[in-house]
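**Student:** The following block contains the structure, expressed as structure tokens.
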Amino acid sequence: MSMRPILGLLGVLIAAMSSEFNDTVTSIALVDIRGSLGIDYDAGTWIESLYVAGLAIGMTFAPWCAVTFTLRRFALCVVAAVTASTLLIPSAHNLQVVLILRVIQGFAGGLTIPLLMTTALMVLPPSIRLYGLAVYGLTATFTSPFSASLAALWTDVIGDWQFVFLAALPLGALAAVLVWYGMDPGEPEYSRLKLFDWRGALLIILSFGALTTLLMQGDRLDWFNSPLICVLALVCIIAIPSLLINEWFHALPLLKLQMLLRRNFGYAALALFTFVVLSASSTLIPTTFLASVQGYRPTQAHLITLVIALGQFVMLPAVAFLLDHRNVDARAVTLIGLALMMIACLGASSVDVTWHRDQFYVWQVLQMVGQPMIVMPLLMMATNTVRSHSEGPLASALINTTRALAEPVGIWLIALIERWRGALHSERLVDQIGLNRFQKSTGSLEQSAEAVTQQVHALTTADIYLVMAALVAGFVMLVMILPERTYSPRILFAKK
């Protein structure tokens, strides 16, 4: 096999990672960005929310478009769209323009990420496909934790929030060169345009846009006390079932739902959804705790996520090598990874207000080892069910769509726990202070209020870790029941 397809795959990887950085780095540096653009908190939440909506919508369209317009042409157009929309944001001082660019940026980013799996399935032979899936695994286990380090570099070291967006230029240029050189030009299939699923496309925009916005904005707007949330919920109730019916019966659907009936593929889609929710336990939860309780800036907190990020360059290929042996059961590897994540969540649930960065390292190392042991087996199980080259893009669309919808679900779940358990802990602590009001005071009212706030954050963080541990336990049950034994592509397809 020549090196050109590998270079093309590398170009798509860089484009996909750049897109992921646009999402997570912007979220981490959002306070600095809002301050520089003069945007208040409520308006700033839409910067993140609209990106997630565009991301989920774009992921459903990418594989279909890659086949229709050729992989190389479409990838080059997507890289250009991501880079252009990203570079324009720092110069847009009007909030409406910023939000429009974020939608475009999110949609273009959603078009980029599925191309990585599509490319791996289309250009890599079975003998090395498992290692190509390890490359795709980087977008699930590397980019999110590494984004904290990038945000720290741009905002605290360089001191210019605009670098959060300007970094897209060198990454986009390098990705475009590698894609142009490494990918086969191919022949477009414009005849597919006559069968384009226009009804499904409209329903995807309505349902995914409404669902992600509902989950991202619901807690801030007080859920069903908000007319907007009520309207979005009504749209979801109507559009989502209509979408499922349309995609099931369409001749050339954007989402081939029938593939979910294959046991291993259905498992992989559900498992990846759950894994993305669980991944917050290693990135969002500890960094939020350190920022809220200890006042950490990104430069101080990023090292606990950098441990996970850098470890993936060793762990992902190591797990791929392990799975490439006949006597290794992917389900057993998954269970070991889940056990490590369970221990990490239970260990981190002992968090209290005295914890600093050092107390998280042991649990982060367990996450670093466990996460690739979950991701690699499920990717192998999903792609092994693909029966032809034409099904590769369809598999990529389904897998990545479930992944995109998991991000707002994870944010909603954490916000729900913070709201319910945080209110409960706050009431109990305030009641306890009230019962002891006649005792000698050890500090000012402001100091007492700050101490209560920190304690509430610590107790709520511990509750979140326990909920994540419960999700891991449910994940274990799923692995025990649903997937069937499979082998690496090198072994499986050598039998046929």
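The values are calculated or read from the model by the stated rules, or taken from the named source; none is laboratory data. In this text the structure is predicted, and so the values were computed from the model without any measurement. Note that we place each Cβ from the backbone using ideal geometry, even for glycine, and neighbour counts take in every protein chain shown.
**Student:** Could you look through segment 232-283, keep only residues that are closer than 26 Å to residue 485 by Cβ and not in a helix (DSSP H, G or I), and pick out the one that is nearest to the chain's Cα centre (by Cα)?
**Tutor:** Looking at the filtered set, the residue picked out is 256.
**Student:** How many residues are buried (at least 24 other Cβ atoms within 10 Å of the Cβ) and closer than 17 Å to residue 204 by Cβ if we restrict to segment 65-94?
**Tutor:** 1
**Student:** What pairs come up if the first residue lies in segment 324-343 and is part of a loop (DSSP other than H, G, I, E, B), the second is of a type outside the set (Ser, Thr, Tyr) and modelled with pLDDT of 90 or more, and their beta carbons are under 7 Å apart, counting only those six or more places apart or on different chains?
**Tutor:** 328/322; 329/485
**Student:** Further question: Could we say that residue 352 is more than 20 Å from residue 134 (Cα to Cα), acidic (Asp, Glu) and touching a helix residue (DSSP H, G or I) at 6+ places or on another chain (Cβ under 6 Å) here?
**Tutor:** yes
**Student:** Is it fair to say residue 450 is closer than 30 Å to residue 321 by Cα, among the acidic types (Asp, Glu), modelled with pLDDT under 90 and not in a loop (DSSP other than H, G, I, E, B)?
**Tutor:** Criteria not met by residue 450.
**Student:** Tell me, yes or no, whether segment 23-38 has at least one residue that is in contact with a Gly (Cβ under 7 Å, 6 or more places away or on another chain), touching a residue at least 40 places away in the same chain (Cβ under 8 Å) and assigned to a helix (DSSP H, G or I).
**Tutor:** Step one: filter segment 23-38 for residues in contact with a Gly (Cβ under 7 Å, 6 or more places away or on another chain), giving 23, 30, 34.
So of that shortlist, the ones also touching a residue at least 40 places away in the same chain (Cβ under 8 Å) come out as 23.
When the remaining residues are screened for being assigned to a helix (DSSP H, G or I), the result is 23.
Yes; the residues of segment 23-38 include at least one that is in contact with a Gly (Cβ under 7 Å, 6 or more places away or on another chain), touching a residue at least 40 places away in the same chain (Cβ under 8 Å) and assigned to a helix (DSSP H, G or I).
Let's see how each residue does on (1) among the hydrophobic types (A, V, I, L, M, F, W, C); (2) within 30 Å of residue 236 (Cβ to Cβ); (3) in contact with a helix residue (DSSP H, G or I) (Cβ under 6 Å, 6 or more places away or on another chain):
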position: 310; (1), (2), (3): yes, no, no
position: 330; (1), (2), (3): yes, no, yes
position: 341; (1), (2), (3): yes, no, yes
position: 364; (1), (2), (3): no, no, yes
position: 367; (1), (2), (3): no, no, yes
position: 374; (1), (2), (3): yes, yes, yes
position: 406; (1), (2), (3): yes, yes, yes
position: 410; (1), (2), (3): no, yes, yes
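**Student:** Looking at segment 174-231, which of its residues are assigned to a loop (DSSP other than H, G, I, E, B), without any contact (Cβ under 8 Å) to a residue 24 or more places away in the chain and surrounded by 14 or more Cβ atoms within 10 Å (Cβ to Cβ)?
**Tutor:** If the condition is that a residue be assigned to a loop (DSSP other than H, G, I, E, B), without any contact (Cβ under 8 Å) to a residue 24 or more places away in the chain and surrounded by 14 or more Cβ atoms within 10 Å (Cβ to Cβ), then 221, 226 are the ones that fit.
**Student:** Is it the case that residue 85 is more than 25 Å from residue 390 (Cβ to Cβ), in a helix (DSSP H, G or I), among the polar types (S, T, N, Q) and in contact (Cβ under 8 Å) with a residue 40 or more places away in the chain?
**Tutor:** Details: more than 25 Å from residue 390 (Cβ to Cβ): yes; in a helix (DSSP H, G or I): yes; among the polar types (S, T, N, Q): yes; in contact (Cβ under 8 Å) with a residue 40 or more places away in the chain: no.
So residue 85 does not fit the description; no.
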